[in-house]
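Heads up, the thing below is written out as structure tokens.
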Amino acid sequence: MNNQLYPFERNRYYPGKMLTTADFQAEQDYMINKNRFMNSLMYGAGIVCGLGVFSLDDLSILVESGVAIDGTGREIVVDSSVVRKLSAIEGFDTIKGETATLCVRFKEEPVHTVYSVSHKDSDKEYEFNRVSEGYELFLTDKKEKRKDYELQTEFLLRETIFKSENYHAEVIMPAIVSKGRNLRIVLSVKKLSDEDVRFSARGVLEMPVFATADGSQDLEIAAEDLRLGRGEVFRRDYWVKVQDVPGDETNIILKSGSMSAFENDTAVTAVASFTSKLRLTKDSPLELVNDEIGRMNLEMRSMGGEKNLIRLADIKIARTDSSYLIEEVKESGSRKHIAAPAQELLRSHYMEYYNKDVELGAGTEVVSTQSGGSVNRTSQGEVPEIATGVLEIPLGRNARPGDIRYSGEIAHGLGKGNVYVEIGYEYISEDRSLGGSAKSTIYGNPDLFATRNEEMVKVETAVRVLNDKGSFVVAARLLGNVDHLVLSFRWVAMKFPTGNDLELEEDFYDRSISAETPTVTMGTKESHFFGVQFNNMKACSITYELTSPGSGEISADGIYTAPAKEGVYEIHIYCTDTPVICTYAYAIVKRREHMEEAAADQKNGGLAVLDLESRLK
């Protein structure tokens, strides 16, 4: 069958046009193909309603009435429930395995014989007057390869963590994520063989800008004692919170050496490590998904899916020498439903029993670990640390040198506390480079910028900050004659942390930070995330830096990449706003051929670690 519905061509009518059967057929084809084209685009393929399958006895099944749409947009309507013996359904004799898949497809046939008035051939004396759109049930072997085509796009990242003849395990996540939103990371394990093999795997993902429900930036992923059949897939979802941090990208790292895998309790080799780069955006998840789906062109859409059939159920069959028995009818896993808009209200009502956003809990603070990152808290009343604005001081017509004029009381918006305010004289002058007037602001003595063509206002200023009120007043003393009636100033206010905010020495003697893994043994060019623990203090923004050149690379979010040269390298970690609170971490870098020896030395208290401990002392 030709599944191509477009391009569309319709009849053009004009006076005197002779209409033939081809013209009327073109008229029908245009309307039918347009409708099917929109069905396939708007709804896709699947079951709209009904079409449930049940076992009536050992030999027969019941298919309920219902509606489906196939891959070319054709409506398949089963107008009443159908009872059939399994052996009477087309395709039963070709089933070789233990499980058959029951399918339905669109079928049309001519009906209603009428006498043909203008027949010329003797065998064309009667013609069918209508075409009935119906359906046909048939069976196919489940082991036959499905024609579904899963379109691979760049929207999802897939990182393989283990692969053998029996199992394939991977971590799946979006390549672009929304700041401040929840994110699902999926551990997927697929069985590749028919062998009866149990599988277990466990590893740790390091996530610099993601947080679990308990605030951790390490996510343990695991699959325990799986025993799957060929083609079956195990999935486990992990929800994390994306922090609202500066920057437009981050990384997720499989912690080096953390991944372990077992088949039948025997250790097998898994991926040592991987690093996945993710993009960060302020766009909502709905915007991201709509944008990605909208990229799919018609050629890409036409590549996927089984166009001419709808799968209803898998039926497990037990055969005897002369007959068969229906052991089980399984609908889940084989059926695909269409989310019809008419069912949206009921769907939303049912989904209320399942959907609940993963939250970090009331009062929890989510803190960026990137250098210079802002801290986003759930508590109310947070204020910015800098503010600016414009103020005017009226002089009046009788202002003379020596007179002092005052501004009104101005609220700077930074709240009560220690605030510094600087003001600058703001004026408009002609700028030849711009070909017109330009606004300028001078902080300090305006006389230093005075020219022959541009004489500055001679004025001395002072600012009085009312710390307990959150405002300030500006005073201006005229040092010369002024032609202006009003002086304009630009003000900038900056809030200083108080002694308690800074947690000065007498306040933070018991406060500290420490690296979650102070010493790491890793291979050349490998990556590791240095997480930070906060001891007797609130989480704060963290800065990472290398203490010597040639030590590799360290990103703003704490991901260290080792150099190609072996050695012991030091990383300085400190609180961005309070550098005195700091710690150090060390990376012991060795080539891969030396990794087993280095691990043994570390376990047995070897020379490498002893040397490092002596340096720390």
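Taken together, the values in this text are just the output of simple stated rules run on the coordinates, not laboratory data. Computed from a predicted model, the values in this text were never measured in an experiment. Cβ coordinates were reconstructed from backbone atoms using ideal geometry, including for glycine residues, and neighbour counts include every protein chain displayed.
Distance from the C-alpha centroid of segment 528-544 to that of segment 1-71: 61 Å, rounded to the whole angstrom. Model label points for Asn445 and Glu98, set 7 angstrom from Cα along the Cα-to-Cβ axis, are 9.7 nm apart.
If R₀ is 30 angstrom, what is the calculated FRET efficiency for the pair Val186 and Arg10, using the beta carbon separation as r and rounding to 0.05? About 0.05, to the nearest 0.05. Averaged over residues, the count of other Cβ atoms within 10 Å places the peptides 241-254, 102-115 in the sequence 241-254, 102-115, highest first. Cross-link partners for Lys336 among the lysines, with Cα-Cα distance under 18 Å and sequence neighbours closer than 8 places in the same chain left out: Lys142, Lys145, Lys147, Lys307.
Packing, taken as the mean count of other beta carbons within 10 Å per residue, orders the peptides 422-429, 275-282 from highest to lowest as 422-429, 275-282. Calculated FRET efficiency, Phe37 to Glu327, Cβ-Cβ distance, R0 = 51 Å: about 0.80 to the nearest 0.05. Spatially close Lys pairs in segment 156-295, defined by Cα atoms under 20 Å apart and a spacing of eight or more places or different chains, total 10.
For the pair Ala411 and Ala222, the difference between a 0.36 nm per residue extended length and the Cα-Cα distance amounts to 62.5 nm.
Taking θ as phi - 60° and the Karplus parameters 6.51, -1.76 and 1.60, the scalar couplings of segment 81-88 work out to 4, 10, 10, 9, 6, 4, 5, 8 Hz in sequence order, x denoting glycine and proline.
Once the Cα-Cα distance is subtracted from the 0.36 nm per residue extended length, the Tyr350 to Arg400 segment shows a gain of 10.1 nm.
Report the extension gain between Ala175 and Phe128 in nm, rounded to one decimal, defined as 0.36 nm multiplied by the number of residues separating them, less their alpha carbon distance. If you can, show how the numbers build up before the last one.
Values: separation 47, 0.36 × 47 = 16.92 nm, distance 5.66 nm.
Stretched fully, the Ala175-Phe128 segment lengthens by 11.3 nm.
Taking the beta-carbon count within 10 Å as an exposure proxy, list Ser332, Ser65 from fewest neighbours to most.
Ser332, Ser65
Straight-line reach only, C-alpha to C-alpha below 30 angstrom: list the lysines that Lys458 could link to, leaving out same-chain residues fewer than 8 apart. By straight Cα distance, Lys458 reaches Lys439, Lys495.
The packing ranking of peptides 79-86, 468-475, highest mean first, is 468-475, 79-86, where packing means the average number of other beta carbon atoms within 10 angstrom of each residue. The modelled label-to-label distance for the pair Lys525/Glu553, using points 7 Å beyond Cα in the direction of Cβ, is 1.3 nm. The amide H of Thr99, built 1.01 Å from its N in the peptide plane, has Lys142, Ile317 as neighbours under 5 Å, considering only residues 5 or more places off or on other chains.
Electrostatic tally near Ser276: other residues with Cβ closer than 14 Å to its Cβ, Lys and Arg +1, Asp and Glu -1, net -2.
At a Förster radius of 30 Å, what calculated FRET efficiency corresponds to the Cβ-Cβ distance of Glu232 and Thr320, to the nearest 0.05? Present the calculation step by step, with values, prior to reporting the outcome.
On the way: r = 27 Å, r/R0 = 0.92.
For R0 = 30 Å, the calculated efficiency reads 0.65.
Work out the length of the dipole vector of segment 1-51 about its Cα centre, built from +1 on the beta-carbon of each Lys and Arg and -1 on the beta-carbon of each Asp and Glu, and round it to the nearest 20 debye.
On the way: 5 positive and 4 negative charges, 21 e Å.
Around 100 debye, computed over segment 1-51.
Here the Karplus curve 6.51 cos²θ - 1.76 cosθ + 1.60, taken at θ = phi - 60°, turns the phi angles of segment 388-401 into couplings of 8, x, 10, 10, 10, 10, x, 9, x, 7, 9, 5, 10, x Hz, with x standing for Gly and Pro.
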